[in-house]
1. Considering segment A:1-20 alone, what residues qualify as being more than 29 Å from residue B:114 (Cβ to Cβ), in contact (Cβ under 8 Å) with a residue 12 or more places away in the chain and not in a loop (DSSP other than H, G, I, E, B)?
2. Being touching a strand residue (DSSP E or B) at 6+ places or on another chain (Cβ under 9 Å), outside any strand (DSSP E or B), touching a residue at least 12 places away in the same chain (Cβ under 8 Å) and within 14 Å of chain B (Cβ to nearest Cβ) is the requirement here; does residue A:140 meet it?
3. Report the residue count in segment B:42-77 for those that are surrounded by fewer than 16 Cβ atoms within 10 Å (Cβ to Cβ) and more than 27 Å from residue A:65 (Cβ to Cβ).
4. What residue, of A:98, A:132, is free of Cβ contacts under 8 Å to residues at least 40 places away in the same chain, in contact with a strand residue (DSSP E or B) (Cβ under 6 Å, 6 or more places away or on another chain) and surrounded by fewer than 21 Cβ atoms within 10 Å (Cβ to Cβ)?
5. Those residues that are within 12 Å of residue A:69 (Cβ to Cβ) and either in contact with a helix residue (DSSP H, G or I) (Cβ under 7 Å, 6 or more places away or on another chain) or surrounded by 16 or more Cβ atoms within 10 Å (Cβ to Cβ) (or both), I need them from segment A:101-129; list them, please.
6. Limited to segment B:21-62, what total is found for residues that are facing chain A (nearest Cβ under 8 Å) and without any contact (Cβ under 8 Å) to a residue 24 or more places away in the chain?
7. Inspect segment A:75-87 for any residue being within 14 Å of another protein chain (Cβ to nearest Cβ) and modelled with pLDDT of 95 or more and give the result as yes or no.
8. Could you tell me whether residue B:15 is away from chain A (no Cβ under 14 Å), exposed (fewer than 15 other Cβ atoms within 10 Å of the Cβ) and in contact with a strand residue (DSSP E or B) (Cβ under 7 Å, 6 or more places away or on another chain)?
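The values are calculated or read from the model by the stated rules, or taken from the named source; none is laboratory data. This structure is a prediction, so every number in the text was calculated from the model and none was measured. With ideal geometry, Cβ positions are generated from the backbone for all residues, glycine too; neighbour counts draw on all protein chains shown.
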């Protein structure tokens, strides 16, 4: 995994096996050195130009990849004991040139915006299954996080 | 899980949470009664009208869902000790009306064809990671399996 500018956020280029019928796209195996635990796999669509933000989870680690379309992903570190408190991470995730796996540990705020002309599909293979009580949200227009969508 | 006409093949309607920004689509959780083990999550694209067939795996159980587009999935039972040996199962999988999880146990032949105008994305959350030596193929034009693509 490649480190980002936020403590604990890392990313890994994923393999795409080209095929004229349609590609095969790797995401996560139990034998990967960065695999931790399987809790849940689910998908989130985001329509072109629209935003889903901000959310964070108290306990769940997110492993995100974008096999269809592309997004702008932004992560904000508000953890009081982090060496990178106050830092933003901003990247493109998806096809064709940014098919990477991003790991987001608990307690980081994150959000994303759909890029391109078609909906993007975000796959999340989290290390524990979703628990509504462990999840928090902030309005995307809040000035608490120094990023304008 | 709902039984199919082939022994061991079952399917389950999956939840789609509608949202004007883009839907959230469930696939598989460790707490699901039909969850067995996590081996690997990967994706296979299939372009409109094209076919990926036939393949089978000696040990891996496939859990398939189609979060983007739709496909025609065909499964053939050639297992000598199966009560449904010689039976074909044929279904549509994908959006908008067939977002189901299909479980395919080892030793069944399967293949699929892309439907609609856009590429479909098949997600496979298998119970063990891929091992090339455990995988077998037959040409889609073979008359060994009584289905014409």
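1. Of everything in segment A:1-20, those that are more than 29 Å from residue B:114 (Cβ to Cβ), in contact (Cβ under 8 Å) with a residue 12 or more places away in the chain and not in a loop (DSSP other than H, G, I, E, B) turn out to be A:10, A:11.
2. So residue A:140 passes the test.
3. 1
4. A:98 is the lone residue from the list that is free of Cβ contacts under 8 Å to residues at least 40 places away in the same chain, in contact with a strand residue (DSSP E or B) (Cβ under 6 Å, 6 or more places away or on another chain) and surrounded by fewer than 21 Cβ atoms within 10 Å (Cβ to Cβ).
5. A:112, A:113, A:114, A:115, A:119, A:120, A:121, A:122, A:123
6. Residues meeting the conditions: 8.
7. No - not one qualifying residue is present in segment A:75-87.
8. When the stated conditions are applied, residue B:15 does not pass them.
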